[in-house]
Amino acid sequence: MFKKSLIAVMAASALALTACGGGTQAAPSGGADKKIVMGFAQVGAESGWRTANTKSVQESAKEAGIDLKFSDAQQKQENQIKAIRSYIQQKVDVIAFSPVVESGWDTVLKEAKDAKIPVILTDRAVDSADKSLYKTFLGSDFVLEGKKAGEWLVAESKSATDTVNIVEIQGTTGSAPANDRKQGFEEAIKADPKLKIIASQSGDFTRSGGKQVMEAFLKNNADIDVVFAHNDDEGLGAIEAIEAAGKVPGKDIKIITIDAVKDGMTALSAGKINYIVECSPLLGTQLMDLAKKVLAGETVPERVVTEETTFTQEQATKALPTRQY
Ligand code: GZL
């Protein structure tokens, strides 16, 4: 009797264990089917470029099967730092962000490193001396972008006999694109002493900022020949100010911008902007690939630079119908 009942009890227990193990067992943590969780701290939504960049990151995460936690810092560094700290507390697998300015990141990046969470810089760079604080940088060569803008103006001004007065609407103060585009542009225009930057101020990469700065430039400078705006949105704001002052943008005052988003390309095609240097916001696919490689322990390049071109008015008219953003 005793033997039979013992066997019956053992069989029943084995059945119970199997049922429990089969029906409710969670997938093993860290197993092959575990989704990667990425924390992304975005700059904000200040420009057409940023909107396109956010769309690219969100869509690419979905396509890559990566669980994306996303935050918008409204262009404030303290908000980005808060978001990164929150991702560290949530123990995400990888952190990616576009630093709104170059400086002030070492402390929070060290916290991520101590928490063994890899960081990928996308779009903008940091000035940290310690390169071990992040795995790689994915984005444009902003110095080259500024150089391309300056070289176009040098070629365009060959036949000019008088001084060419340039006003510069800079991007966000302290940001890598603003610092580097300024540097590249200034280096390029050294080739022609007639080219003079007579005023330079930040429009914070926004359309309203570009308009306000251009209004001030027009008020304080009687003879402006060229506007160099660090992005399309500032250039579009400058167009509003120039037209309100009764002048013809693209003719009375030439305009050079950087990005090549749809609104900028439309103004270029219409002759209100004269030249645009492309800066691609479509970084999402490359970012997700880099994240997977980093988490798989693969070696990734220290820097991944995006392919970009430039547009004249004629080229914009041809390109517009097939532009993705
Ligand atoms: C450049 C990016 C800049 C764009 C602006 O990669 O950081 O920020 O040029 C955007 O349009 O606001």
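The test for being farther than 20 Å from Glu168 by Cβ, more than 26 Å from the chain's Cα centre (by Cα) and among the small types (Gly, Ala, Ser) does not hold for Gly297. Within region 112-136, the set of residues being over 16 Å from Val37 (Cβ atoms) and assigned to a strand (DSSP E or B) comprises Leu121, Thr122, Thr136. For Arg181, the criteria (1) within 13 Å of the ligand (Cβ to nearest atom); (2) within 23 Å of Gln212 (Cβ to Cβ); (3) touching a residue at least 60 places away in the same chain (Cβ under 8 Å); (4) surrounded by fewer than 24 Cβ atoms within 10 Å (Cβ to Cβ) hold in every case but one, which is (4). When restricted to residues that are buried (at least 21 other Cβ atoms within 10 Å of the Cβ) and more than 16 Å from the ligand (Cβ to nearest atom), region 256-293 contains 5. Of the residues making up region 152-178, those that are among the acidic types (Asp, Glu) and surrounded by fewer than 19 Cβ atoms within 10 Å (Cβ to Cβ) number 2.
Residues in region 222-236 that are surrounded by fewer than 24 Cβ atoms within 10 Å (Cβ to Cβ) and not aliphatic (A, V, I, L, M) were compared, and the one that is farthest from the ligand (Cβ to nearest atom) is Asp223. Answer with yes or no whether Ile255 is within 19 Å of Gly146 (Cβ to Cβ), touching a Gly at 6+ places or on another chain (Cβ under 6 Å), in the same structural domain as Lys158 (by TED's automatic domain parsing) and at pLDDT 95 or above. Against the criterion (within 19 Å of Gly146 (Cβ to Cβ), touching a Gly at 6+ places or on another chain (Cβ under 6 Å), in the same structural domain as Lys158 (by TED's automatic domain parsing) and at pLDDT 95 or above), Ile255 qualifies.
Please verify whether Pro321 is in a helix (DSSP H, G or I), surrounded by fewer than 14 Cβ atoms within 10 Å (Cβ to Cβ) and of a type outside the set (D, E, K, R), treating the condition exactly as stated.
It is true that Pro321 is in a helix (DSSP H, G or I), surrounded by fewer than 14 Cβ atoms within 10 Å (Cβ to Cβ) and of a type outside the set (D, E, K, R).
For region 100-115, the candidate set comprises residues that are of a type outside the set (D, E, K, R), in contact with a Ser or Thr (Cβ under 8 Å, 6 or more places away or on another chain) and in contact (Cβ under 8 Å) with a residue 60 or more places away in the chain; within that set, the residue that is nearest to the ligand (Cβ to nearest atom) is Val100.
Of everything in region 81-139 that's aromatic (Phe, Trp, Tyr) and under 20 Å from Lys293 (Cβ atoms), which residue is surrounded by the fewest Cβ atoms within 10 Å (Cβ to Cβ)? Within region 81-139, the match that is surrounded by the fewest Cβ atoms within 10 Å (Cβ to Cβ) is Phe137. Could you tell me how many of the residues in region 120-158 are more than 23 Å from Glu187 (Cβ to Cβ) and not hydroxyl-bearing (Ser, Thr, Tyr)? Looking only at that region, the number is 8. Within region 313-323, the residues that satisfy the criterion of being closer than 12 Å to Glu278 by Cβ and not hydrophobic (A, V, I, L, M, F, W, C) are Gln315, Arg323. Only residues that are more than 16 Å from the ligand (Cβ to nearest atom) and among the aromatic types (Phe, Trp, Tyr) were counted across region 116-137, and they come to 1. Only one entry of Asp204, Asp233 meets the criterion of being farther than 30 Å from Thr299 by Cβ, in a helix (DSSP H, G or I) and not aromatic (Phe, Trp, Tyr), and that entry is Asp233. Residues in region 292-313 that are at pLDDT 95 or above and part of a strand (DSSP E or B): Arg303, Val304, Thr310, Phe311.
The values are calculated or read from the model by the stated rules, or taken from the named source; none is laboratory data. The model shown is predicted, which means the values in this text are computed figures rather than measured ones. Please note: Cβ atoms are built from the backbone with ideal geometry, for glycine as well, and neighbour counts cover all protein chains shown.
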